[in-house]
Structures are given as structure tokens and as C-alpha cells.
Amino acid sequence: MRVYIIGAGPGDPKLLTLRAAELIGACPVVLYTGSLVPKAVIGYARADAKVLDSSGMTLDEIIGVILEAHDADQDVARVHTGDPMIFGSTAEQIRELSRLGIAWEIIPGVSSFTAAAAAVGKELTLPELSQTIILTRAEGRTSMPDSQRLEDLAKHKATLALFLSITLLKKVAHSLVPDYGEDCPVAVVYKASWPDQVIVTGTLADIDEKVRAARINSTAMILVGWVLSSSDFANSRLYDPDFTHRFRTSNSKPQKSLTQAADDGR
Ligand code: SAH
């Protein structure tokens, strides 16, 4: 018996990994975070599977369901939104499973921040503008560790992807203006990849008003940074004919083998 902690992706069932779909379709117990995982994803479950929504459960109740499956020697698909290791509250579940000696395995997923970038069609890392992405949230009921307040992170002027922060957008914009400037572009993507996805674009000065007008107050990713601006950026050096690297020693034909390319992440 094993618990598979599965990233279900941002919403569109086609953005499940093959492994995720396979496991959701095979496990006799499917426990999913119903607040964000759409029914369509759970549609892959076996007809006879026990499918439970964990959104109203406490940690003890979740572990209770898993213990029951353990006693019956039944695998569990524990399905989380996006990637399970980013703002997933999975660490405490994993800790409990380890304490109980229950085997677990993580299946990564497409996170909502990459789905949001895909929806707006913007690369989040651009030469000279930003080579860094900060995944964070605004301080709400969950407090931020010292030195990770938005005002501190803003000093880096990196691309920001803010989870769980849409209701705090006004405060977010206020914290970022001193370093990013009022004109800095912002994109808010509500329900990236869902059929009712909405994209609102603006600047730090007007995004709050626009998002309010669109009545978006949940399930939204906030992307901030100059990478979202027009096409005013330098080309990367990767495809520059004068820039030689391991896979291209001159501006002649590419020389890399597939294996080498994979090694280098290109
Ligand atoms: N593990 C998830 C994040 C869970 S925290 C992931 O990797 O995406 C929940 C927050 O994620 C939401 O408040 C919202 O900020 C973001 N989110 C999740 N799904 C989203 C989607 N489809 N579109 C936009 N934001 C989403």
C-alpha cells in the first residue's frame, strides 16, 4: 500500500501528467482537494473507487481515511492542485505518513504560476529584465518569515508570482510600487486553464481597481514584473549566431545530440 501525493495541475484535465492520470485511474481510494481540483480530473477515477473531497476535512480526518485504506491494503491517490510541493500543505501530511510508517511518493504537477504565464503568453525570465522568479504570497492570516516581507523581496526587482494573495491585491501593489514603479505591468489570471479563465492586465497603479471591476476574489495568480511589458527586451544569447556554446561551436549547423541537449536542459 502506498499514498501517491499527486499534482493535478492547474485545472484543465489535459494538463495532468500521464503518471497522475494513470494513478488516479488505478487507486481504489481517491482523496482530492475539492476546493481547487475540478471534477473533470477526478473523472479519471475507477467507477468503483472511493472518491472523497478533503476540503472540509481536518488533517486528522485525512490521515484517518488513509489509515483505513492502509488497513485494507488499498493505494491512495492524494490529489492536490498544481504542484503538490508549492503551497500544498503537503508537508504535514507527509510528516504524519512517515511517522506512521506508511509509504508515500510524490508525483509533480504543472503549477498554476506556469499555467498563468502560459495563459498570458509571457516568458517570466528575460535577459537584462529578470533572470529570477520569486514564488511568494502576501502576508494575511499566515504570517511571513522575517526578511521575506514583500517590501524586502521587492528590492530584487525579480519577476513575482503571488499565490493566495488576490484579496490582498491593494496592499500588494502598495508594497511593490517603491521598487517596481507605478507603471510596472501586472497580470492577474483567474482560474488559469479552466473554461472560465479570466485575464486582467494592468499596472501596479490600476490593477486593484480592474480586478475589483472584474469581481475576481479567489483562485487567481498575480504576476508582476517588467517581463510582462511589451516586446522591448534583448534576445537571449542561446540562439545568437555569435554566441558559441557546448552545442554550437560556430554559427554553422547545431552539433548537439539529443542526450547532450537533455543533460543541459536545452
Ligand atoms: N500547489 C498549487 C498552489 C496551491 S495554493 C500550485 O502549484 O499551483 C492555491 C493558490 O494557487 C490560489 O490561491 C491561487 O493563487 C493559485 N491557483 C491555483 N490554481 C490556480 C489557477 N488555475 N489559476 C490561477 N491561480 C491558481
| Scope the range 90-119; condition out of contact with any strand residue (DSSP E or B) (no Cβ under 8 Å at 6 or more places or on another chain) and within 16 Å of the ligand (Cβ to nearest atom); matching residues | A91, E92, T114, A118
| request: Could you list all residues from the range 15-45 that are at pLDDT 95 or above and open to solvent by 60 Å² or more (accessible area, probe 1.4 Å)? | output: L15, L18, R19, E22
| request: Quick one: D73 ticks every box in (1) buried (at least 16 other Cβ atoms within 10 Å of the Cβ); (2) on the phi > 0 side of the Ramachandran plot except a single one, so which number is it? | output: (1)
| message | Condition first: touching a strand residue (DSSP E or B) at 6+ places or on another chain (Cβ under 6 Å) and either at pLDDT 95 or above or under 19 Å from W226 (Cβ atoms) (or both). Can you find one or more residues in the range 143-157 that meet it? | response | yes
| query | Taking V172 and the conditions (1) open to solvent by less than 10 Å² (accessible area, probe 1.4 Å); (2) within 11 Å of the ligand (Cβ to nearest atom); (3) of a type in the set (A, V, I, L, M, F, W, C), which numbered condition does it fall short on, given that it satisfies the others? | reply | (2)
| query | Just checking, which of D53, D60 is under 26 Å from S112 (Cα atoms), charged (D, E, K, R) and either open to solvent by 20 Å² or more (accessible area, probe 1.4 Å) or free of Cβ contacts under 8 Å to residues at least 12 places away in the same chain (or both)? | reply | D53
| Cross-chain or 6+ apart pairs with Cβ under 9 Å, the range 87-103 first and within 17 Å of M57 (Cα to Cα), then open to solvent by 60 Å² or more (accessible area, probe 1.4 Å) and not in a helix (DSSP H, G or I) | A91/M85; Q93/W104; I94/W104; L97/W104
| note | Expected output for the range 202-227 (first residue basic (K, R), partner assigned to a strand (DSSP E or B), Cβ below 7 Å, 6+ apart or cross-chain) is K210/V200; K210/G202
| said: Between V110, V188, which is over 15 Å from G82 (Cβ atoms) and out of contact with any His (no Cβ under 8 Å at 6 or more places or on another chain)? | reply: V188
| Among the residues of the range 129-143, which ones are part of a loop (DSSP other than H, G, I, E, B) and either within 15 Å of the ligand (Cβ to nearest atom) or under 17 Å from P178 (Cβ atoms) (or both)? | A138, E139, G140, R141, T142
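The values are calculated or read from the model by the stated rules, or taken from the named source; none is laboratory data. Everything numeric here is computed off the predicted structure, so don't read it as measured data. Every residue, glycine among them, receives a Cβ derived from its backbone with ideal geometry; neighbour counts consider all protein chains shown. Note: areas computed on protein heavy atoms with side chains; ligands, DNA, RNA excluded. Shrake-Rupley method; radii C 1.70, N 1.55, O 1.52, S 1.80 Å.
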